[in-house]
Amino acid sequence: MPAELFSQGPTLTRPDSGAPCVGCPASTHPARALSHLAVFELIPYGYNRWVDHTDWSHTTLHSWANNLRGGWEWDTDHFAVNQFAHPYSGNLFFNSARSNGYGFRAAAPYAFAGSVLWEYFGETTRPSINDLINTTLGGITLGETTYRLSSMILDARTTGATRIVREVSAALVDPPRAFGRLMDGDAWRVGGNPPDRIPSSVVSEVQVGYQRLTHGRARSRLRGLDQPFAFYSLAYGDPMGRDVEKPFSSFRLEAALGAAASGALSELRATGFLTVRELQGDSATHHRVALTMNYHYYNNAAFVSGGQGFSGVFLSRFPLGALNTMRTELHATGMVLGAVRSDYSASPSAIANATARDYDYGPGLSARLQARFEHAGRTSLAGSYETTWLHVVSGTAREQAYQTLSLRAEAGVTRHLSLGANEELFNRTGRYATHPTVRARDAQTRVYLAFRI
């Protein structure tokens, strides 16, 4: 799915109180990192076994031995469990290390290790290939995003009610970090902040409005669903500026709440810039190439898709007079594992490894072109086109292909308030071994008020 197109905001001054930094470990703490990882393994395990009494949580020495001998499989969990709950768990494992002095690269193996431990010893079912990939890659992407977001929320110079609100908000975003801050007393200690707490550019926006979701087959009458929605977007750092000094020192985060197939979360996307190289640049025009790490989750009545991968990105900025700018991006993505809604229930005669899921899994390729026109630093018009192909290795289809066209327009009312409209069109083609090819068309139409924070 295409990432929302952000405009970049004004330069912010990094605070420097001169006091010793609160919550900045001078060295790594491996024992604490492992103990925190264990805590965030045991909390969901304990709830499912002794509170919810789920069958798969009643593990024994016998189930552990079976898991170690039985090998890996593709599981049949619901889309929200596999594509959101597992990446979220990986984010907790990653941040168990990140909040104990480990950098991005050193914390990444913790997401993998936490997934392996859970798959072998946290469930009676055989370990799952898709869970390992989703928890590891999705967990790393969400983990670094939430760690940096919590850094921006926290402010060790504050006291009283302001400090409480900041600490609680950061705890909701990054629970492992909050756990460590409570243990160390950093949650109430006054002092200095990390030097990279806030990047040079931060733009966040909340949209509240109405959306219509329509879906149907290519030659059938479209069915619609009307509902309110809330959408949040954050552009952290500017990849066309000087922010990408370390992985994820610039990232984009988007989330939407609406009536989803499973729960209220209908969209979640994160794109982190790993590295950027200058191709050509002057005071106005820039051309750069970048490598990004991506996660997306799209789950509503119009479209169901998810996955994680890596992209090569060609970024350009063109001045159009004193107040106007055109920004373009071309993404070429290798999707390590993608998931998309299937049109048929799994049948043993379809493919050898068919499951009971209503969505298909596979690696794939994607290309996206996006452009946005900005007036006075704010996006006025934006558009993107993306095409994605998945080679299905587990599910009912042989391959899935879909295209997305997105168009957006915003008009400023005040400095912080805008009126906007967004239209997204989804066309999907599913090709099956034992079923007819299906061509589906879906759409999402939104009108909204946008509040820039």
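The values are calculated or read from the model by the stated rules, or taken from the named source; none is laboratory data. Just so it is clear, the model here is predicted, and its values are computed rather than measured. Cβ atoms come from the backbone with ideal geometry, glycine included; neighbour counts cover every protein chain shown.
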(message) If residue 98 meets every condition in (1) farther than 22 Å from residue 43 by Cβ; (2) touching a helix residue (DSSP H, G or I) at 6+ places or on another chain (Cβ under 7 Å) apart from one, which number is that one?
(response) (1)
(request) Look through 268, 274, 257 and report the one residue that is touching a residue at least 40 places away in the same chain (Cβ under 8 Å) and touching a strand residue (DSSP E or B) at 6+ places or on another chain (Cβ under 8 Å). (result) 268
(request) With the checklist (1) surrounded by 19 or more Cβ atoms within 10 Å (Cβ to Cβ); (2) among the aliphatic types (A, V, I, L, M); (3) over 20 Å from the mean Cα position of the chain (by Cα) in hand, flag the one item residue 183 doesn't pass. (result) (1)
(message) Scan the range 400-409 and tell me whether some residue there is more than 26 Å from residue 316 (Cα to Cα) and either out of contact with any strand residue (DSSP E or B) (no Cβ under 6 Å at 6 or more places or on another chain) or not hydroxyl-bearing (Ser, Thr, Tyr) (or both).
(response) yes
(request) Could you identify the single residue in 433, 409 that is surrounded by fewer than 15 Cβ atoms within 10 Å (Cβ to Cβ), out of contact with any Cys (no Cβ under 9 Å at 6 or more places or on another chain) and either among the polar types (S, T, N, Q) or in the same structural domain as residue 314 (by TED's automatic domain parsing) (or both)? (result) 433
(message) As an exercise: evaluate residue 245 against (1) of a type outside the set (Gly, Ala, Ser); (2) assigned by TED's automatic domain parsing to the domain that holds residue 430; (3) in contact with a strand residue (DSSP E or B) (Cβ under 9 Å, 6 or more places away or on another chain) and give the number of the one condition it does not meet.
(response) (3)
(request) Please work out which one of (1) within 23 Å of residue 400 (Cβ to Cβ); (2) more than 18 Å from the chain's Cα centre (by Cα); (3) at pLDDT 90 or above is the condition residue 343 fails and give its number. (result) (3)
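Tell me yes or no: at least one residue of the range 364-378 is assigned to a strand (DSSP E or B), among the aromatic types (Phe, Trp, Tyr) and surrounded by 20 or more Cβ atoms within 10 Å (Cβ to Cβ).
Here is the first cut: in the range 364-378, the ones assigned to a strand (DSSP E or B) are 364-375, 378.
When the remaining residues are screened for being among the aromatic types (Phe, Trp, Tyr), the result is 373.
With the extra rule that they be surrounded by 20 or more Cβ atoms within 10 Å (Cβ to Cβ), the set shrinks to none.
Within the range 364-378, not a single residue is assigned to a strand (DSSP E or B), among the aromatic types (Phe, Trp, Tyr) and surrounded by 20 or more Cβ atoms within 10 Å (Cβ to Cβ).
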(message) Please go through the range 165-205 and give me each residue that is of a type in the set (S, T, N, Q) and in contact with a Phe, Trp or Tyr (Cβ under 9 Å, 6 or more places away or on another chain), ordered by number.
(response) 201, 204
(message) Would you confirm, using the coordinates I've provided, whether residue 199 is touching a His at 6+ places or on another chain (Cβ under 6 Å), in contact (Cβ under 8 Å) with a residue 40 or more places away in the chain and either within 30 Å of residue 29 (Cβ to Cβ) or assigned to a helix (DSSP H, G or I) (or both)?
(response) no
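Residue check: is residue 206 touching a Lys or Arg at 6+ places or on another chain (Cβ under 9 Å), at pLDDT 95 or above and not assigned by TED's automatic domain parsing to the domain that holds residue 341? Reasoning before the result, please.
Numbers: touching a Lys or Arg at 6+ places or on another chain (Cβ under 9 Å): yes; at pLDDT 95 or above: yes; not assigned by TED's automatic domain parsing to the domain that holds residue 341: no.
Spelling it out, it is not the case that residue 206 is touching a Lys or Arg at 6+ places or on another chain (Cβ under 9 Å), at pLDDT 95 or above and not assigned by TED's automatic domain parsing to the domain that holds residue 341.
Given 148, 157, 177, which one is modelled with pLDDT of 95 or more, under 14 Å from residue 251 (Cα atoms) and outside the structural domain of residue 363 (by TED's automatic domain parsing)?
Testing whether each residue is modelled with pLDDT of 95 or more, under 14 Å from residue 251 (Cα atoms) and outside the structural domain of residue 363 (by TED's automatic domain parsing) leaves just 148.
If you check residue 118 against the conditions, is it over 18 Å from the mean Cα position of the chain (by Cα), crowded, with 18+ Cβ neighbours inside 10 Å and hydrophobic (A, V, I, L, M, F, W, C)? Even if it seems obvious, please write down each step before you answer.
Values: over 18 Å from the mean Cα position of the chain (by Cα): yes; crowded, with 18+ Cβ neighbours inside 10 Å: yes; hydrophobic (A, V, I, L, M, F, W, C): yes.
So residue 118 fits the description; yes.
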